[in-house]
Amino acid sequence: MRILSDSEIFSDKQIALIENKYDAKYVFESCIKDINGNWANFPIAIFYTEEKYPEGSNYFGLYINEDRETIICDGISATEPFIGVRINDIVVYSRYRHDYHEFSGVFIDGGRDYLRYGGDTNENTEIVKIKVVKDKLEIENATIS
């Protein structure tokens, strides 16, 4: 099973440069919680590093702000489990509120704020829970009904 988690913020070349600079591994794109505990409404590239940063975690995020500056932040909140849709052997998910993703006629939207999905669903389509395990995304055994 493959989880579609390619970056839409950074190119593969940029990801490789970031991984090399920070001795880190790209995991996926998601949103993170803001200082009020709400999910941000924009994508953040989440990276994992074996060495914990001072006053931080093993996860950091990078995003581009409205001034086109690259901002680094703690990415630990992005590691909370989230929902995706499995279509045959491919899993897609929504990175943030109103982030509409479609694959093979099935769509998902809502990020971590709400779940909306539909389209050409059938017996090969199911809702799954995705969890972050170090530098990888995995499907939890139990599905969400």
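Every number in this text was worked out from the coordinates using simple rules, so none of it is lab data. Bear in mind the structure is a predicted one, so any value in this text is a computation, not a measurement. No Cβ is skipped: glycine too gets one built from the backbone with ideal geometry, and neighbour counts run over all protein chains shown.
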Using a/c under 1.5 as the rounded threshold, could you call region 79-143 rounded, prolate or oblate? The axes a ≥ b ≥ c are square roots of the C-alpha gyration tensor eigenvalues, and prolate needs a/b larger than b/c, oblate otherwise. oblate
Calculate, for residue 126 and residue 34, the FRET efficiency according to 1/(1 + (r/R0)^6) with r their C-beta to C-beta distance and R0 30 Å; round to the nearest 0.05. 0.45
For residue 21, give me every one of the aspartates and glutamates with a C-alpha distance below 16 angstrom, ignoring sequence neighbours fewer than eight places off in its own chain. 12, 50, 51
Cα-centre dipole for the chain with unit charges at Cβ (Lys and Arg positive, Asp and Glu negative), debye to 20: 200
Test of understanding: extend the Cα→C-beta vector of residue 80 to 7 Å, then name every residue of region 19-39 with backbone N under 15 Å from that spot. 30-39
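Give, rounded to the nearest 20 debye, the magnitude of the charge dipole that region 79-143 has about its Cα centre when Lys and Arg contribute +1 at Cβ and Asp and Glu contribute -1 at Cβ. Don't skip to the end; give the middle numbers.
Working: 9 positive and 12 negative charges, 55 e Å.
In debye, rounded to 20, region 79-143 gives about 260.
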If I model a spin label at residue 113 and residue 65 as a point 7 Å from the Cα along the Cα→Cβ vector, what separation in nanometres do I get? 2.1
Listed residues 22, 76, 105: farthest to the positive end of the dipole of the chain (Cβ charges): 76
